[in-house]
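Trainee: Handing you this structure, nothing more for now.
The values are calculated or read from the model by the stated rules, or taken from the named source; none is laboratory data. As the structure is a prediction and not an experimental result, all values here were calculated from the model. Note: ideal-geometry Cβ built from the backbone for every residue, glycine included; neighbour counts use all protein chains shown. The accessibility values were calculated without ligands, DNA or RNA, using every heavy atom of the protein model including side chains. Shrake-Rupley method; radii C 1.70, N 1.55, O 1.52, S 1.80 Å.
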Amino acid sequence: MRLRSPWHAHLPAGDTPPAERLADALAGDILAEKLDAGDRLPAHRDLAWRLGIGIGSVTRAYAMLERRGLVRSIRGRGTFVASRPGGTGRVLDLSANMPPPMFSDKALTRTLSRLARTVDPALFNVYPPVAGHIEHRRIMSHWLAELGMDLSPERLLLASGAQQALGVALAAARPASTAILTEELTYPGMLTLIRQGGLTPHGLPMDRQGLLPDGLERALHRHAPGRCLVYVTPTMHNPTTATMDRARRLAIVSLCRRYDALIIEDDVYDCANDPDLPPLVTLAPEQVFYVNSLSKTLSPGLRIGTLVPPAAFLSAARAALLNSSLMIAPLSYAMMAQWMQDGTAASVRQSLRGEAQRRRDIALRIMGPSVVPPAYDAFHIWMPLCRKRSKELEAMAAEEDVRVTSLHPFMANPEGVDNAGIRLCLGPTALPDLTEALRRVHRLRTGMGE
């Protein structure tokens, strides 16, 4: 680094020890913003030679600055200028994976006023059927038809969010399965469900399109003649944003058919009818447990999930749903029906796609080649890094008041992964804060080098 301050040639004169004079000079440059957050300070030996002082004095000076929170040291990498003091102290959150708020106070007031005049009191006076009221299942079936799925309402089960739907699918499929396979990085909620059930997930290798067919085939062959259960997110994979093309989807389905494997398809990020990206359930309805939700594509507070099990597992899924003892709030049912029938939901879905594109473009403009350009619209982006660097960047971002998602919860294999990195969530943060948070992360990433 080229030092831009007056002390690069000599230290200020004085009777105080060189370490304290150096620390004061550096602190003055940092506070005067002559050094930017993320700038790397010179190596101890180099700076000591340039200033004509002992290396121990430089080490003590850097330690003083670190105690003041002006710099941070990273083993094996060096010492870096920390975020500037005097900020608001607010934590900028890039860890919460949900869409931005799209319903204003007026919109909610209008919806609730309308429901007050039209809602059926029976919704609140009796327990709903296990799978949800048939009229709400018809409404949801129509919603999914707009995504290219022709699903009978009788096959469709409504759950209290995607997490419950995944748990029901796992409970229904588990007795018929001998091993559970998934991507090496995957949704932490599903990994928790698997482990809480006393099972062990087997993480399989991935590439930019997600689950690799060769790795899946080896795993299916290894566990034969048992029947495997494959949990997969084909569209906008969490956390890596990988999206399978049509050929990859056909290859995964073909392998599962050959080995008689069941599939749990997590499709919570799908919000468009794209014939080039068919849901797996449309390719192999007899083998796929299909899960969708309104939380990621409409509103986080509308926790209504959808499960479409294979016909042979419908009774088992209904029984598992009943045993889960969770019920969708009647008001959520009523709001879902209102928004879908009056066009609000379709309008919000379209607006969210546009907002996802805008935030994705902001992230790509700021982060450049350090992140993977996602092939689909959603509210997270992936920064590939080795596992060690991922942990370092997470800690450094926290010091800059930016919260990012830890890698560890996504790991199916605790001993390690081939893919590693940092997930940055773009949804809930206001645009000015999002821009600032991404700039801070970019400075940190650039400071780490290759």
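Trainee: For the structure I just gave you, tell me whether Ala317 is over 30 Å from Ser177 (Cα atoms), open to solvent by less than 20 Å² (accessible area, probe 1.4 Å) and in contact (Cβ under 8 Å) with a residue 40 or more places away in the chain.
Mentor: Numbers: over 30 Å from Ser177 (Cα atoms): no; open to solvent by less than 20 Å² (accessible area, probe 1.4 Å): yes; in contact (Cβ under 8 Å) with a residue 40 or more places away in the chain: yes.
So Ala317 fails the test.
Trainee: Now for a different question. For Asp46, state whether it is of a type in the set (D, E, K, R), open to solvent by less than 60 Å² (accessible area, probe 1.4 Å) and modelled with pLDDT of 80 or more.
Mentor: Judged against the criteria, Asp46 is not a match.
Trainee: Let me ask something else about it. Of the numbered conditions (1) closer than 24 Å to Ile74 by Cβ; (2) at pLDDT below 65, Lys34 fails exactly one; give the number of that condition.
Mentor: (2)
Trainee: If you don't mind, there's one more thing I want to ask. Give me the pairs: first residue in the stretch 266-287 and within 23 Å of Ala356 (Cβ to Cβ) and buried (at least 19 other Cβ atoms within 10 Å of the Cβ), second residue modelled with pLDDT under 90 and small (Gly, Ala, Ser), beta-carbon distance under 6 Å, and six or more apart or on different chains, which are they?
Mentor: Close Cβ pairs satisfying both conditions: Tyr269/Ala378.
Trainee: Looking only at the stretch 120-144, how many residues end up being open to solvent by less than 50 Å² (accessible area, probe 1.4 Å), in a helix (DSSP H, G or I) and of a type outside the set (Phe, Trp, Tyr)? Steps first, answer last, please.
Mentor: In the first step, residues of the stretch 120-144 are kept if they are open to solvent by less than 50 Å² (accessible area, probe 1.4 Å); the result is 122-123, 128, 131-133, 136-137, 139-141, 143-144.
Remaining after also requiring in a helix (DSSP H, G or I): 122-123, 136-137, 139-141, 143-144.
Retained after the next criterion (residues that are of a type outside the set (Phe, Trp, Tyr)): 122-123, 136-137, 139-141, 144.
Final tally of qualifying residues: 8.
Trainee: Of these, Ser332, Ser315, Ser347, which one is among the polar types (S, T, N, Q) and within 23 Å of Thr235 (Cα to Cα)?
Mentor: Ser347 is the lone residue from the list that is among the polar types (S, T, N, Q) and within 23 Å of Thr235 (Cα to Cα).
Trainee: Let me ask something else about it. List pairs: first residue in the stretch 389-412 and more than 16 Å from Arg75 (Cα to Cα) and among the acidic types (Asp, Glu), second residue open to solvent by less than 50 Å² (accessible area, probe 1.4 Å) and part of a strand (DSSP E or B) anywhere in the structure, Cβ distance under 9 angstrom, at least six positions apart or on different chains.
Mentor: Matching pairs, first to second residue: Glu400/Leu92; Asp401/Leu92.
Trainee: Test Thr59 against the stated conditions and say whether it is at pLDDT below 80, β-branched (Val, Ile, Thr) and open to solvent by 60 Å² or more (accessible area, probe 1.4 Å).
Mentor: For Thr59, the condition - at pLDDT below 80, β-branched (Val, Ile, Thr) and open to solvent by 60 Å² or more (accessible area, probe 1.4 Å) - is not met.
Trainee: Restricting to the stretch 62-90, give me the number of residues that are open to solvent by 60 Å² or more (accessible area, probe 1.4 Å) and modelled with pLDDT of 80 or more.
Mentor: Total satisfying the criteria: 1.
Trainee: Any idea how many residues of the stretch 169-199 are over 22 Å from the mean Cα position of the chain (by Cα) and either among the hydrophobic types (A, V, I, L, M, F, W, C) or open to solvent by 50 Å² or more (accessible area, probe 1.4 Å) (or both)?
Mentor: Total meeting the criteria: 10.
Trainee: Which of the residues belonging to the stretch 98-119 are free of Cβ contacts under 8 Å to residues at least 24 places away in the same chain and either among the charged types (D, E, K, R) or not in a helix (DSSP H, G or I) (or both)?
Mentor: Answer for the stretch 98-119, where residues must be free of Cβ contacts under 8 Å to residues at least 24 places away in the same chain and either among the charged types (D, E, K, R) or not in a helix (DSSP H, G or I) (or both): Ser104, Asp105, Lys106, Arg110, Arg117.
Trainee: Tell me, please, whether a residue that is buried (at least 16 other Cβ atoms within 10 Å of the Cβ) and over 17 Å from the mean Cα position of the chain (by Cα) can be found in the stretch 400-414.
Mentor: Within the stretch 400-414, one or more residues are buried (at least 16 other Cβ atoms within 10 Å of the Cβ) and over 17 Å from the mean Cα position of the chain (by Cα).
Trainee: Give just the number: which of (1) under 30 Å from Ala329 (Cα atoms); (2) touching a residue at least 12 places away in the same chain (Cβ under 8 Å); (3) in contact with a Pro (Cβ under 9 Å, 6 or more places away or on another chain) does Arg174 not satisfy?
Mentor: Tallying (1) under 30 Å from Ala329 (Cα atoms); (2) touching a residue at least 12 places away in the same chain (Cβ under 8 Å); (3) in contact with a Pro (Cβ under 9 Å, 6 or more places away or on another chain), Arg174 fails exactly one: (3).
Trainee: Restrict the check to the stretch 170-182 and report whether at least one residue is part of a loop (DSSP other than H, G, I, E, B), modelled with pLDDT of 95 or more and not small (Gly, Ala, Ser).
Mentor: In the first step, residues of the stretch 170-182 are kept if they are part of a loop (DSSP other than H, G, I, E, B); the result is 177-178.
If we keep only those that are modelled with pLDDT of 95 or more too, we end up with none.
Checked against the condition, which is being part of a loop (DSSP other than H, G, I, E, B), modelled with pLDDT of 95 or more and not small (Gly, Ala, Ser), the stretch 170-182 yields no hits at all.
Trainee: Next question. Please find, within the stretch 416-450, the residue that is surrounded by the fewest Cβ atoms within 10 Å (Cβ to Cβ) out of those that are under 30 Å from Leu212 (Cα atoms) and charged (D, E, K, R).
Mentor: Glu450
Trainee: Out of the stretch 286-343, which residues are part of a helix (DSSP H, G or I) and under 25 Å from the mean Cα position of the chain (by Cα)? Explain how you work it out, then say what you get.
Mentor: Restricting attention to the stretch 286-343, the residues satisfying the condition of being part of a helix (DSSP H, G or I) are 311-323, 330-342.
Matches in the stretch 286-343: Ser332, Met336.
Trainee: Something else about it: Can you tell me which residue is most open to solvent (accessible area, probe 1.4 Å) among those in the stretch 359-395 that are in a helix (DSSP H, G or I) and either within 19 Å of Cys271 (Cβ to Cβ) or among the hydroxyl-bearing types (Ser, Thr, Tyr) (or both)? Explain how you work it out, then say what you get.
Mentor: Just the residues of the stretch 359-395 that are in a helix (DSSP H, G or I), to begin with: 359-370, 387-395.
Those left that are additionally either within 19 Å of Cys271 (Cβ to Cβ) or among the hydroxyl-bearing types (Ser, Thr, Tyr) (or both): 359-361, 363, 370, 390.
On the way: Arg359: 15, Arg360: 49, Asp361: 77, Ala363: 0, Ser370: 23, Ser390: 2 Å².
Filtering the stretch 359-395 for residues that are in a helix (DSSP H, G or I) and either within 19 Å of Cys271 (Cβ to Cβ) or among the hydroxyl-bearing types (Ser, Thr, Tyr) (or both), the one most open to solvent (accessible area, probe 1.4 Å) comes out as Asp361.
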